[in-house]
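Here is the structure we will look at.
Quick note: the coordinates plus some simple rules give every number you see, no bench work behind them. Keep in mind the model is a prediction, meaning the values are calculated, not measured. Cβ coordinates were reconstructed from backbone atoms using ideal geometry, including for glycine residues, and neighbour counts include every protein chain displayed.
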Amino acid sequence: MNTTCSPRTCTPATSGVTESLRKPLYNVNGNAEAYELRVELPGVPKSNVKLDLEENILTVRGERSTTVPEGMKALHRELSPLSYLLRLRLNAPVSEEQMTAKLEDGVLTLRLPLKEVAKPRQIPVL
Amino acid sequence: MKIIRTNPFTINRVSGLDEWFRHPLAGLPTLSSFINNLGEVFPGVAGDKLAVDVHEDKDSYFASFEVPGVKKEDFKIELNNGVLTVAAERREKDGEKESSYSLTRSVSVPEGVNAEAIVAKLEDGILTVTLPKQERSKPRSITLS
């Protein structure tokens, strides 16, 4: 089953975003084994990504590296210098120790394997 | 059961030609284009266009494009008639579903750029094109005959 970000599968925390942070674009896919979360974090180096899973709240923080080195003058600006914050409430128990994260070309891919209890089971008819 | 949601990223981010700043000494048209551009600060967040920053130091101009998820080999960068065009192809894979879409952005390049020496670098989803300025002709003294 392909699950996407319906209110049941992930709910952004209401007070997650403050003035100096913004919510990144993200996408959730899932099957019976795991959720896959992809977050767009352009301008964030690997060392500036912080992940946290507490209770059932997953927090992704990404701090942009300074885009303007000293001695440079901005002529035209469209890219936001703000850092990213994404908070999602997970509706299924996730096996924390099996979580994997990968940052590639400014996209963070998180694999969140479901705990055994959350996986669907076939029930044989006797 | 299969629920397929429209991927918000599949919208084509294509935009027209943008005025790029000329040299500060180039005069008033620059100023008016600056004022026009002020109205669209950070439109990149809205997600319908490939956002760009332009910076300058004494040796070069730098154009930075936000291109998360685009691989190095999927870029086409071109300088033609004083217009720098970046075309990026983004491929996405969601399970068995695969989609790709292209993003382009053009900026006009100030005069006095050494076209031969332009280089591009991809880092953390930001493409930076460095456009070195041409060496100014050195001042020379003219002797009275």
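How many nm separate the modelled label positions at residue B:89 and residue A:46, each set 7 Å beyond the Cα in the direction of the Cβ?
Placing both labels 7 Å beyond Cα along the Cβ direction yields 2.8 nm.
Within 10 Å of each Cβ in A:105-116, how many Cβ atoms from other chains are there, averaged over the peptide?
Mean partner shielding for this stretch: 3.
Which lysines does residue B:97 reach when only Cα atoms under 18 Å apart count, and residues fewer than 8 places away in its own chain are ignored?
Straight-distance partners of residue B:97: B:2.
Averaged across the residues of B:64-73, what count of C-beta atoms belonging to other chains lies within 10 Å of each residue's C-beta?
5
Please report the relative contact order for region A:10-117, taking Cα pairs under 8 Å with a sequence separation of at least 6, and give it as a percent rounded to a whole number.
It comes to 35 percent, rounded to a whole number.
What average count of beta carbons from other chains do you get within 10 Å of the Cβ of residues in A:25-31?
3
For region A:78-98 and region B:71-96, what is the centre-to-centre distance using only Cα atoms, to the nearest Å?
Spelled out, the Cα-based centre of one part sits 27 Å from the other.
Greater than 26 Å separation of Cα atoms is the criterion. Which listed pairs, A:46/B:72; A:23/B:93; A:115/B:71; A:102/B:121; A:102/B:93; A:50/B:58, meet it?
Check vs 26 Å cut-off fails for A:115/B:71; A:50/B:58.
Amide H of residue B:83: which non-local residues (sequence gap of 5 or more, or other chain) have their own amide H closer than 5 Å, using H built in the peptide plane?
Those lying under 5 Å, H to H, from residue B:83 are B:109.
Quickly work out the residue A:111-to-residue A:89 label distance, labels modelled 7 Å from Cα along the C-beta direction, and quote it in nm with one decimal.
2.9
Which one of A:48, A:26, A:71 has its Cα pushed farthest toward the positive end of the charge dipole of region A:10-117, where Lys and Arg give +1 and Asp and Glu give -1 at the Cβ?
A:71
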